[in-house]
Amino acid sequence: MKAIVNLTAALLLLASVMLLMMAQDALGAQDQVAIDETRQVSPNERITIDAMRGEVSIRAGADNTFSVRGVLDELAEGFELESANGFTRFEVQMPRSVRSRNNEDGNDLEFIVPANSEVEFTGVNVEVQIADILGGANVTTVNGDIMANDLGGVVDLNTINGAINTNNVRGRVSLQTVNGEITDSASAGRLDASTVNGSMEIESAAEEVSFSMVNGEVDANLDGTQLLEFDGINGQMMIRVVNSPAPRITGSSVSGEIELRLDNNIDARFNLRTSVGSRIDNGITNDEADRPRFGPGRSLQFTTGQGNGSVELKTVSGAIEVRGN
């Protein structure tokens, strides 16, 4: 009988705990306040958005309105929305001290803005999707991925712990992440990308390209690029440049290999140098690398065509390979 009483008491206690948890969940759900706000703005509005946690979508609409819809962070104390004289600012107001928590009950917001507006977004633990903004975009988050499509103007995307995925981003483009990968497709204009502890996949028609990589790999396919600068540490770099008969290329690597493929009718001066147990493979001409009389390393200089372009590559503890496409 005593065992039955104890079991009944335990079941009652368990039921009470479950009811309390359900009540807390319901209260948390109620704490996420719905929002639906719209303002008439200028076609080239300067828009600033600040949302600390959750998921945010920003996209262009068909008219000159700014709207925000969704639910606020469960910890939010409210929001501020100001719009006047070509400037619109939206901020989710959070307590001064917020404990580290996941994003499950963070903001879930969709913003619709004019296509030619300039957008600046700042967050901490937030994932961002942004699309169809032609007036420029500056997106910064600490923990979260950034997905960007069909952007124009000055585009600056930054995250620390997250990936950056872009498609058809054109203009002056900067992509920077730490502890994340970069995937870029169909970019144009000027591209600058950097990653630490992550790899890059680049498919670009930008005339000017620069990238930096630490502890990862690079796979880059460049179409029509005239100016290319890159460096890498602890990783392999595979770079193909097409439709650019006289490019200017400068690259370096430490503890990694560089493989560069160029147009078969390349017109450039080549200056290739390696050191500390490295090699040079020349698949463009019959010229062979020289060994120095003293010390390690190899060097190779040669010219194709009139030498209008230039290719200067150097490695430390890594190989260099150049060949035609």
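The values are calculated or read from the model by the stated rules, or taken from the named source; none is laboratory data. Everything numeric here is computed off the predicted structure, so don't read it as measured data. We place every Cβ from the backbone using ideal geometry, glycine too, and count neighbours over all the protein chains shown.
Taking the range 172-191 as the range and being of a type in the set (Gly, Ala, Ser), in a strand (DSSP E or B) and either more than 13 Å from residue 223 (Cα to Cα) or modelled with pLDDT under 95 (or both) as the test, only 174 passes. All conditions in (1) in a strand (DSSP E or B); (2) surrounded by 17 or more Cβ atoms within 10 Å (Cβ to Cβ); (3) not acidic (Asp, Glu) hold for residue 134, with the sole exception of (1).
For the range 109-121, the set of residues classified as out of contact with any Ser or Thr (no Cβ under 9 Å at 6 or more places or on another chain) and either buried (at least 19 other Cβ atoms within 10 Å of the Cβ) or under 15 Å from residue 50 (Cβ atoms) (or both) consists of 118 only.
Among residues that are closer than 19 Å to residue 154 by Cα, assigned to a strand (DSSP E or B) and at pLDDT 95 or above, residue 212 is not included. For the range 57-84, taking the residues that are part of a strand (DSSP E or B) and among the acidic types (Asp, Glu), the one that is farthest from residue 127 (Cα to Cα) is identified as 82. If the condition is being of a type outside the set (Phe, Trp, Tyr) and at pLDDT 85 or above, then the range 290-308 contributes 298, 299, 300, 301, 303, 304, 305, 306, 307, 308. Of the residues making up the range 122-129, at least one is more than 15 Å from residue 58 (Cα to Cα) and assigned to a strand (DSSP E or B). Please tell me if residue 177 is of a type in the set (S, T, N, Q), crowded, with 22+ Cβ neighbours inside 10 Å and more than 29 Å from residue 41 (Cα to Cα). So residue 177 passes the test. Candidates 71, 41: the one that is within 22 Å of residue 141 (Cβ to Cβ) and in contact (Cβ under 8 Å) with a residue 12 or more places away in the chain is 71.
Each residue in the range 252-294 was checked for being touching a Gly at 6+ places or on another chain (Cβ under 8 Å) and assigned to a strand (DSSP E or B), and 13 pass. The set of residues in the range 37-66 being more than 12 Å from residue 115 (Cα to Cα) and more than 26 Å from the chain's Cα centre (by Cα) consists of 37, 38, 39, 40.
Consider the range 310-325 and keep the residues that are part of a strand (DSSP E or B) and of a type in the set (A, V, I, L, M). The one that is surrounded by the fewest Cβ atoms within 10 Å (Cβ to Cβ) is 316.
For the range 55-81, a tally of residues being of a type outside the set (A, V, I, L, M), surrounded by 15 or more Cβ atoms within 10 Å (Cβ to Cβ) and closer than 17 Å to residue 97 by Cα returns 3.
Against the list (1) of a type in the set (Val, Ile, Thr); (2) touching a residue at least 40 places away in the same chain (Cβ under 8 Å); (3) surrounded by fewer than 24 Cβ atoms within 10 Å (Cβ to Cβ), the condition residue 142 fails is (2).
With the structure loaded, tell me whether residue 191 is without any contact (Cβ under 8 Å) to a residue 40 or more places away in the chain, of a type in the set (A, V, I, L, M, F, W, C) and not assigned by TED's automatic domain parsing to the domain that holds residue 319 or whether it fails that test. Considered against the rule, which asks whether it is without any contact (Cβ under 8 Å) to a residue 40 or more places away in the chain, of a type in the set (A, V, I, L, M, F, W, C) and not assigned by TED's automatic domain parsing to the domain that holds residue 319, residue 191 comes out as yes.
Would it be correct to say that residue 64 is in the same structural domain as residue 152 (by TED's automatic domain parsing), closer than 28 Å to residue 167 by Cα and either modelled with pLDDT of 95 or more or touching a strand residue (DSSP E or B) at 6+ places or on another chain (Cβ under 9 Å) (or both)? Taking the combined requirement at face value, the residue satisfies it.
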